[in-house]
Amino acid sequence: MHSVISLLLLLLTTGVIAIPFDFLFHSPGTLSGGQSILSNINEWRTAYGVAKLSWNNTLASNAQKTGRDNGGLNEKHELNHGTSSRKCPKSAETNPAAGSMAQVISPGIQDQDICGRNMDRMTPFGLIHMGWLCEVATDPQLKGGCSAVLEAAHLYVTPGETGHHDILTNTKYSKIGCAFSRHPAALKCVTFTGLWVCDLA
């Protein structure tokens, strides 16, 4: 078995076999802190009484592209058809097949950068996802936990801005894809090492 694994790794690293990174990273079972990102999202969707979302690899690739185009640092939105540089026309807002219809972005960390910091018993993605929902901290589903979550995530919520919350609890979306893009120069264990991005349609 070990020889087979070693051979596969050799073929991958030498380019003899090419497996798209987005496919490896964006399967429906994509994990953060050992837990499924999609399961985390849908647990909250259920709590809010809205339909669960399905995972979509194109949306995940779109999210990855946005994070990479921003260098894992800047929070500039993109709504893409796929992984090309072409932006979706406004018709994407009414045509789900056109690509990403909505997007949420936040600085954050991935598993390797936890470094013993207080995560309030949450995963790196789970912390950011709840942080987005905490734009409306009075929601009974959040059970008054926003102060601790926002402190652990090092996030600040601008009063009156509810865009992330509204997108993630919206009933018109049925698909989602998320990705973490690391800032190339980020040092391990700093407050933020990259961007979490989720695209919806």
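The values are calculated or read from the model by the stated rules, or taken from the named source; none is laboratory data. Fair warning: this is a prediction, and the values are worked out from it, not measured in the lab. In this analysis, Cβ positions are derived from the backbone assuming ideal geometry, glycine residues included, and neighbour counts consider all displayed protein chains. Keep in mind that these areas ignore ligands, DNA and RNA; they rest on the heavy atoms of the full protein, side chains included. Shrake-Rupley method; radii C 1.70, N 1.55, O 1.52, S 1.80 Å.
Here are the numbers for the structure shown:
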| read-out | value |
| --- | --- |
| All positions within region 142-169 that are open to solvent by less than 50 Å² (accessible area, probe 1.4 Å) and among the polar types (S, T, N, Q) | T162, T169 |
| Filter result (of a type in the set (S, T, N, Q) and either at pLDDT below 95 or open to solvent by 10 Å² or more (accessible area, probe 1.4 Å) (or both)) within region 103-130 | Q103, Q110, Q112, N118, T123 |
| Selection within region 25-80 - hydrophobic (A, V, I, L, M, F, W, C), assigned to a helix (DSSP H, G or I) and either more than 14 Å from C178 (Cα to Cα) or open to solvent by 70 Å² or more (accessible area, probe 1.4 Å) (or both) | W44, A47 |
| Residue in region 95-102 that is part of a loop (DSSP other than H, G, I, E, B), modelled with pLDDT of 95 or more and hydroxyl-bearing (S, T, Y) present | no |
| Odd one out for E135 among (1) within 23 Å of S61 (Cα to Cα); (2) open to solvent by less than 50 Å² (accessible area, probe 1.4 Å); (3) acidic (D, E) | (1) |
| Region 38-73, residues that are on the phi < 0 side of the Ramachandran plot and free of Cβ contacts under 8 Å to residues at least 24 places away in the same chain | S39, N42, E43, T46, K52, K65, D69 |
| Qualifying positions in region 174-193 - touching a residue at least 24 places away in the same chain (Cβ under 8 Å), of a type outside the set (V, I, T) and assigned to a loop (DSSP other than H, G, I, E, B) | S174, H183, P184, A186, K188, C189, F192 |
| Any hit, region 184-196, residues being out of contact with any Phe, Trp or Tyr (no Cβ under 6 Å at 6 or more places or on another chain), closer than 16 Å to V50 by Cα, of a type outside the set (S, T, Y) and surrounded by 18 or more Cβ atoms within 10 Å (Cβ to Cβ) | no |
| Boolean, G108 is free of Cβ contacts under 8 Å to residues at least 12 places away in the same chain and farther than 14 Å from W44 by Cα | no |
| Single unsatisfied condition, W196 versus (1) closer than 20 Å to H77 by Cα; (2) in a loop (DSSP other than H, G, I, E, B); (3) touching a helix residue (DSSP H, G or I) at 6+ places or on another chain (Cβ under 6 Å) | (2) |
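Each row is one residue, and each column tells you yes or no for (1) in contact with a strand residue (DSSP E or B) (Cβ under 8 Å, 6 or more places away or on another chain); (2) not in a loop (DSSP other than H, G, I, E, B).
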site: R121; (1), (2): no, no
site: W132; (1), (2): yes, yes
site: E135; (1), (2): no, yes
site: Q141; (1), (2): no, yes
site: V157; (1), (2): no, no
site: G160; (1), (2): no, no
site: H164; (1), (2): yes, yes
site: I167; (1), (2): yes, yes
site: K172; (1), (2): no, no
